[in-house]
Amino acid sequence: KKILDLACLRQLGFPLPNPLIEVSQIYHDKLERHLPNAYFDLSLDAICKHLELPIQDKHDALQDAISAALVFVRLTKGDLP
């Protein structure tokens, strides 16, 4: 977020107003409640697989953003499989 804030500040004169949301931390916290002290693979691919979400073939910023958005919705509005 710091890099985006800096770029936005230079271009627009203000930092991004959006809060930072780390979906891997939300995922970890939810799993930790069920399996304390377990190891979790926090890669986006692993999280998508565990949550039974579609995995994108190509990795670019747009596809990763879409995957992260799907993970966020699943973790905040749905149940863990």
request  = Answer yes if at least one residue in segment 43-57 is touching a Leu at 6+ places or on another chain (Cβ under 6 Å), of a type in the set (A, V, I, L, M, F, W, C) and surrounded by 10 or more Cβ atoms within 10 Å (Cβ to Cβ), and no otherwise.
outcome  = yes
request  = Determine which single condition Phe40 fails, assuming it passes every other condition in (1) loosely packed, with under 12 Cβ neighbours inside 10 Å; (2) of a type outside the set (A, V, I, L, M); (3) in contact with a Leu (Cβ under 8 Å, 6 or more places away or on another chain).
outcome  = (1)
Looking only at segment 1-40, and only at residues there that are in a loop (DSSP other than H, G, I, E, B) and aromatic (Phe, Trp, Tyr), the one that is nearest to Val73 (Cα to Cα) = Phe40
key: Some residue of segment 9-25 being touching a residue at least 12 places away in the same chain (Cβ under 8 Å), touching an Asp or Glu at 6+ places or on another chain (Cβ under 6 Å) and not polar (S, T, N, Q)   = yes
note = Of the candidates Leu35, Leu20, Leu80, the one satisfying the condition of being surrounded by 12 or more Cβ atoms within 10 Å (Cβ to Cβ) and of a type outside the set (Gly, Ala, Ser) is Leu80
remark   = Of the listed residues (His59, His28), the one being out of contact with any Ser or Thr (no Cβ under 6 Å at 6 or more places or on another chain) and at pLDDT 95 or above is His28
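The values are calculated or read from the model by the stated rules, or taken from the named source; none is laboratory data. All values reported here derive from a predicted model rather than from experimental measurement. So basically every Cβ, Gly included, is an ideal-geometry build from the backbone, and we count neighbours across all protein chains shown.
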